[in-house]
Each structure stands twice: as structure tokens, then as C-alpha cells.
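Q: My questions all concern the structure below.
The values are calculated or read from the model by the stated rules, or taken from the named source; none is laboratory data. Owing to the predicted nature of the structure, the values given are computational and were not obtained by experimental measurement. Here the Cβ positions follow ideal geometry from the backbone for every residue, glycine too, while neighbour counts run over all protein chains shown.
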Amino acid sequence: MNKVKVTALKKNLKNTEKIIEKSALKILKILKKEGIYLEVYVASPSKMRSLNKKYRGKNKTAKVLSFKEPKSFLYPDKIKRIGEIFLNFSVISNKENLTISLIHAILHLFDYQHKIKSDRMKMEKKEKELLHQILIIK
């Protein structure tokens, strides 16, 4: 069984936590991933800018950031922690943008990349497949 913990870093965004959790769980199910633990944080544009600058060296806000869990971490339980996702609260107002952002972030946590063209094409294809499946399942 998968577990997604969503934390809104602003109090007025608390009602979005269940929507994000449900979407992330659906993505993991479509990817056929089991025993996964994922943390998702909903952050302000300024927090996203700060994280993007600190960890990626880019002084601009980001829609979504993924931070993969180091493989060297040991946990006593059997659940696999894959990392953390930070969502800019500006993407959560539109459900399709939210879903696209979550798909993108989760794929990064499963080693999909887009730095070189062949990797980008592979990732974009997987994103489209997942989005299509999610829209069908609704």
C-alpha cells in the first residue's frame, strides 16, 4: 500500500491536501508502484524561488521541485521513501496543471530526466501516457 503525506505550508491551503493526496496515489497506482511513501509540500512562490536558488542555482520560482530520497537512508519499516515534492501553490488552482506537475515530479523521483533530448522525449511520452490514463479513469 502506498502512502502520500501532503502538507500545505500556508493555512489557507489545507483544503487542497486531500486532492493532492488522491492525485498522487492515482499516479503511483498507474505506475504500478507499491509500498511507496511520498511527501508533498505546497509552498508559496517565494519559498519555491528560495529552494530553486539554493538547490538548483536558479534565481526564479519553480512550479514544482522534486528531491529524491538518498538511497543510503535506512528505515526500520518496509515502506520505500522516494523523496519529497514541493508544489508551487499557483499550480493547484487548476486541476489539470496540478496533475501535470505531480506527474512530472513523481517521474523525476523514479529517475526520469529531461536534460538531453532522448531522455526528454522518453519523459514527455510517459507524462502524456499517464495524463491520458488519469483523464480516462476520473
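Q: Using beta carbons and a limit of 7 Å, which pairs, at least six apart or on different chains, have the first residue in region 77-95 and assigned to a loop (DSSP other than H, G, I, E, B) and the second one among the aromatic types (F, W, Y)?
A: I79/Y37
Q: Is it fair to say S44 is buried (at least 17 other Cβ atoms within 10 Å of the Cβ), polar (S, T, N, Q) and out of contact with any Gly (no Cβ under 6 Å at 6 or more places or on another chain)?
A: no
For (1) touching a Pro at 6+ places or on another chain (Cβ under 7 Å); (2) modelled with pLDDT under 90; (3) of a type outside the set (K, R), each residue gets a yes or a no:
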position: N2; (1), (2), (3): no, no, yes
position: P45; (1), (2), (3): no, no, yes
position: K71; (1), (2), (3): no, yes, no
position: L74; (1), (2), (3): no, yes, yes
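Q: Return a yes/no flag: does region 47-56 have any residue that is closer than 23 Å to K29 by Cβ and surrounded by 14 or more Cβ atoms within 10 Å (Cβ to Cβ).
A: No, region 47-56 contains no residue that is closer than 23 Å to K29 by Cβ and surrounded by 14 or more Cβ atoms within 10 Å (Cβ to Cβ).
Q: Further question on the same structure: Does I106 satisfy the condition of being touching a strand residue (DSSP E or B) at 6+ places or on another chain (Cβ under 9 Å) and modelled with pLDDT of 95 or more?
A: In short, yes.
Q: Can you tell me which residue in region 1-41 is surrounded by the fewest Cβ atoms within 10 Å (Cβ to Cβ), limited to those that are in contact with a helix residue (DSSP H, G or I) (Cβ under 9 Å, 6 or more places away or on another chain), among the hydroxyl-bearing types (S, T, Y) and closer than 21 Å to L107 by Cα?
A: T7
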